[in-house]
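Chemist: First the structure, then my questions, so here it is.
The values are calculated or read from the model by the stated rules, or taken from the named source; none is laboratory data. These figures come from a predicted structure and were not determined experimentally. Don't worry about glycine lacking a Cβ; one is built from the backbone with ideal geometry, like all the others, and counts go over all protein chains shown.
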Amino acid sequence: MDKTNSKVLTLSFAIAAALTGLTSNLLIKSFSGAFGFVAKMADSDLVRHGLPVALGLAVFFVLQFNSRVLVWGESVVQEVRKVVWPSQKDMTAMTIVVVVMVLISSVIVTSFDFVSGYVINGLMK
């Protein structure tokens with residue numbers, strides 16, 4: 001495995017682990033407001049802080065030391081490196097097209113809304 005690819009994979013796995021820890025922390029906070037037994041468990045620092053850290057570390061180690069995940073990640077990085085990214089000129093042109101289309105569609109939807117509101121108000125009177 002290429003050393004650069006290894007760094008990219010390790011960083012990706014660390015980000016996934018951090019997101020897992022953050023998500024579990026937020027779930028514990030949310031569920032403690034809704035369920036009494038979770039609130040009692042969340043009073044403990046071990047559950048409130050230790051469980052998200054433990055889950056994050058578990059996810060990191062499962063991803064980092066699983067050979068099948070590493071092979072899959074290596075192939076993903078290789079495929080992403082093959083992508084031909086558009087130039088800045090092309091990206092600017094495509095962005096302008098998208099903004100113009102969004103403006104046109106918003107004008108159309110807004111006009112339909114006003115017309116239908118006028119018709120409905122006329123029928124209701």
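Chemist: Which helices (runs of 4 or more DSSP H) sit wholly inside region 23-125 and have at least 3 residues that are closer than 22 Å to S6 by Cα and without any contact (Cβ under 8 Å) to a residue 60 or more places away in the chain?
Modeler: Result: 51-64, 67-81.
Residue-wise test of (1) of a type outside the set (A, V, I, L, M); (2) touching a strand residue (DSSP E or B) at 6+ places or on another chain (Cβ under 9 Å); (3) surrounded by 10 or more Cβ atoms within 10 Å (Cβ to Cβ); (4) modelled with pLDDT of 90 or more.
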{"site": "L26", "(1), (2), (3), (4)": "no, no, yes, yes"}
{"site": "D45", "(1), (2), (3), (4)": "yes, no, no, no"}
{"site": "W72", "(1), (2), (3), (4)": "yes, no, yes, yes"}
{"site": "V100", "(1), (2), (3), (4)": "no, no, yes, yes"}
{"site": "N121", "(1), (2), (3), (4)": "yes, no, no, yes"}
